[in-house]
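*Asks:* Here you go, one structure.
The values are calculated or read from the model by the stated rules, or taken from the named source; none is laboratory data. Everything numeric in this text was worked out from a predicted model, so none of it was measured. Ideal geometry is used to build each Cβ from the backbone, glycine not excepted, and the neighbour counts take in all protein chains shown.
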């Protein structure tokens, strides 16, 4: 029988962890509302602003004593900079594609992509980290593959946005897993790497008289600056949450984000949910049920 005093002592930590992590995933899931408000600005220009303002937002957090040394070590160590340079390109491409997809009417595909992502992570672990799939994990990956194949054949369109988002975020997580760098410090360095070229690009746009910042309405300029909050705030909440929760709990909570995006796509932005798409989502949801059940059972055996 478990020690009930331990359970009681851990309960406030668990509750706080769920609140932090759940809020992070909720912000990510509802973020299409934010990017839709910037639909008049080209996706690449939004990305450049997101990098600059995110760096400025994150710097004060990493310059605190317990993060300053880690940050300085990261920016002065060539192998670390090389790793973070590659992840910068990957996450930058992921952010660009996500913003473009949102403002091009492909919100359902972004939702599908982030539903697939946990299964892509499992597959990448097998290929690159030589991890072995348990039977239910193998069945989950198989169902996801069938879902994507069915959508491609019946709908007549390869879901490239979904797979590109899932694969890019999967590879990003894989590389960051190998590199022993804290999420907050790593993201700060990544945004720093692109801040100088991003600033040069935005200055060029301003000189050409086509940049949106301080040229469009005041709300647009504020929203471009606020991209830092959409990027940095959920990361900070997520980091606080993961310190207080088991990975299996995080695994369940992460479905809040694509679920929120899915609901927005169907009920707010009225994207058509065709039978082939619905069938694919059902297959992916079934795969995630198997995957989650396997994670819970495996974690119980390890206790």
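*Asks:* Does the stretch 164-171 contain any residue that is touching a helix residue (DSSP H, G or I) at 6+ places or on another chain (Cβ under 8 Å), buried (at least 20 other Cβ atoms within 10 Å of the Cβ) and over 29 Å from residue 237 (Cα atoms)?
*Replies:* Checked against the condition, which is being touching a helix residue (DSSP H, G or I) at 6+ places or on another chain (Cβ under 8 Å), buried (at least 20 other Cβ atoms within 10 Å of the Cβ) and over 29 Å from residue 237 (Cα atoms), the stretch 164-171 yields no hits at all.
*Asks:* Further, regarding this structure: Which condition does residue 288 not pass, out of (1) surrounded by fewer than 20 Cβ atoms within 10 Å (Cβ to Cβ); (2) out of contact with any helix residue (DSSP H, G or I) (no Cβ under 6 Å at 6 or more places or on another chain), if it passes all the others?
*Replies:* (1)
*Asks:* Test each condition in (1) in a helix (DSSP H, G or I); (2) under 27 Å from residue 103 (Cα atoms); (3) modelled with pLDDT of 90 or more for residue 277 and report the one that comes out false.
*Replies:* Against the list (1) in a helix (DSSP H, G or I); (2) under 27 Å from residue 103 (Cα atoms); (3) modelled with pLDDT of 90 or more, residue 277 comes up short only on (3).
*Asks:* Sticking with this structure for a sec: So the check is Cβ under 9 Å with 6+ separation or different chains; which pairs have a first residue in the stretch 173-194 that's touching a residue at least 40 places away in the same chain (Cβ under 8 Å) and a second one that's buried (at least 19 other Cβ atoms within 10 Å of the Cβ) and not in a helix (DSSP H, G or I)?
*Replies:* Pairs that qualify, where the first residue is touching a residue at least 40 places away in the same chain (Cβ under 8 Å) and the partner is buried (at least 19 other Cβ atoms within 10 Å of the Cβ) and not in a helix (DSSP H, G or I), are 189/181.
*Asks:* Follow-up. Being more than 24 Å from the chain's Cα centre (by Cα) and at pLDDT below 80 is the filter here, so list the residues in the stretch 287-298 that pass it.
*Replies:* 298
One line per residue, one yes/no per condition, for (1) at pLDDT below 95; (2) out of contact with any helix residue (DSSP H, G or I) (no Cβ under 6 Å at 6 or more places or on another chain); (3) closer than 16 Å to residue 283 by Cβ:
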{"site": "91", "(1), (2), (3)": "yes, no, no"}
{"site": "102", "(1), (2), (3)": "no, no, no"}
{"site": "105", "(1), (2), (3)": "yes, yes, no"}
{"site": "109", "(1), (2), (3)": "yes, no, yes"}
{"site": "113", "(1), (2), (3)": "yes, no, yes"}
{"site": "116", "(1), (2), (3)": "yes, no, yes"}
{"site": "121", "(1), (2), (3)": "yes, no, no"}
{"site": "127", "(1), (2), (3)": "yes, yes, no"}
{"site": "130", "(1), (2), (3)": "yes, yes, no"}
